[in-house]
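Accompanying notes for the structure given below.
The values are calculated or read from the model by the stated rules, or taken from the named source; none is laboratory data. Note that the structure is a prediction, hence the values are computed from the model and not measured. Don't worry about glycine lacking a Cβ; one is built from the backbone with ideal geometry, like all the others, and counts go over all protein chains shown. Heavy atoms of the whole protein, side chains included, go into the accessibility calculation; ligands, DNA and RNA do not. Shrake-Rupley method; radii C 1.70, N 1.55, O 1.52, S 1.80 Å.
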Amino acid sequence: MKKLLLMAGALLMLCSCSTYYYSTLSSTEGLVEKDDFGDFIYENDSVKVVYSFFGYNLPIKILVINNSNQPLYVDWQRSALILDDMATNYKQNKVTFDGNIETNTLNFNRNFSTSEGAYSGTLNLPDGVSFIPPQSRIEHVPMTMGDFAFDKIPEKSFTRQSFARNNLSPTKVKTMHFAEFNSPLRFRSYLTLYYGSLDPEKSKPFVLDQNFYISEVMKSGEVKPEEVFGYTNERGDFFYYKKVKGTAFGNVIGTIVLCTLSVALEASLSTEEE
């Protein structure tokens, strides 16, 4: 009986193996700057754009804040993620918005008054355009980058470095650092915005074009996401990918293990009854 249980345990250990790849993103010198929370931010007197890539499989999250007192439009049809010279539009046709607005008025008799209000609703806009009222914001997650070929990075390229896990003893993990020219993933975000009006004769578009790239990859089958600082703090420059090997084989082995345990238990019970 003990031999059967030991064999079953060994087979279960062979069922599947997961490897995590934890990545940190950086940006080239340009319009955006990284803040203390890892978000990539562009801001002027009228608008603030925040890029966050936190999560599984690199989600593209774009927060646009209208700091001005005039309408702001984001043309997703003319905005795109560009990977290996291939552009994919950030298109959406409908946006739900909410926010607060404050207006100040100076009357002719020099009396000063302030008024406040709230608003919400849904707008059907021209194809692929979002409307942002004054002093409000929208968040758009147009896509997730998806599968990555991190397992194609040669093992000899990694170096083992000490890693301090959250609330656990330190361990060694395989780590590789990259410059932009040798990064395994480089992409651009091209964003087109209009102030005041969508009419090209009344308002010229403003374009935010920024490059991003992976600057560090950590590889480990031992360290789980909840043990990594970037994950627990939801940093905007952090994402992770999970590679599972042997899943199909594991399903077959798991069935064999269950059958083995069932037979073993029946035999054990029969022996005890005798």
For segment 156-178, state whether one or more residues are within 30 Å of Y42 (Cβ to Cβ) and open to solvent by 40 Å² or more (accessible area, probe 1.4 Å). yes
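Conditions (1) farther than 15 Å from Y20 by Cβ; (2) assigned to a strand (DSSP E or B), marked per residue:
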{"residue": "F148", "(1), (2)": "no, no"}
{"residue": "V173", "(1), (2)": "no, yes"}
{"residue": "M176", "(1), (2)": "no, yes"}
{"residue": "S189", "(1), (2)": "yes, yes"}
{"residue": "Y194", "(1), (2)": "yes, yes"}
{"residue": "L198", "(1), (2)": "yes, no"}
{"residue": "L208", "(1), (2)": "yes, yes"}
{"residue": "S215", "(1), (2)": "yes, yes"}
{"residue": "E222", "(1), (2)": "no, no"}
Looking at segment 61-91, which of its residues are part of a loop (DSSP other than H, G, I, E, B) and either open to solvent by less than 20 Å² (accessible area, probe 1.4 Å) or more than 16 Å from I132 (Cβ to Cβ) (or both)? S68, S79, D84, D85, Y90, K91
Scanning segment 125-141 residue by residue, the ones that are modelled with pLDDT of 90 or more and either open to solvent by 30 Å² or more (accessible area, probe 1.4 Å) or not in a strand (DSSP E or B) (or both) total 7
Are any residues in segment 21-60 over 19 Å from I132 (Cβ atoms), open to solvent by 20 Å² or more (accessible area, probe 1.4 Å) and assigned to a strand (DSSP E or B), and if so, which ones? T24, S26, S27, E33, K34, Y56
Taking segment 150-171 and keeping residues in a loop (DSSP other than H, G, I, E, B) and modelled with pLDDT under 90 leaves I153, P154, A164, R165, N166, N167, L168, S169, P170
For segment 182-194, which residues satisfy the criterion of being open to solvent by 50 Å² or more (accessible area, probe 1.4 Å) and in contact with a Phe, Trp or Tyr (Cβ under 8 Å, 6 or more places away or on another chain)? P184, R186, R188
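Matching residues to (1) within 23 Å of Y213 (Cβ to Cβ); (2) in contact with a Ser or Thr (Cβ under 7 Å, 6 or more places away or on another chain); (3) modelled with pLDDT of 90 or more:
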| residue | (1), (2), (3) |
| --- | --- |
| A8 | no, yes, no |
| S16 | no, yes, no |
| L31 | yes, no, no |
| I41 | yes, no, yes |
| S52 | yes, no, yes |
| S79 | yes, yes, yes |
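Does segment 197-214 hold any residues that are open to solvent by 20 Å² or more (accessible area, probe 1.4 Å) and within 23 Å of the chain's Cα centre (by Cα), and which are they?
Those that are open to solvent by 20 Å² or more (accessible area, probe 1.4 Å) and within 23 Å of the chain's Cα centre (by Cα): V207, D209, N211, Y213.
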Within segment 142-155, which residues are touching a Leu at 6+ places or on another chain (Cβ under 9 Å) and exposed (fewer than 10 other Cβ atoms within 10 Å of the Cβ)? G146
Could you list, in sequence order, the residues of segment 197-210 that are modelled with pLDDT of 85 or more and either under 21 Å from P134 (Cβ atoms) or of a type in the set (A, V, I, L, M) (or both)? P205, F206, V207, L208
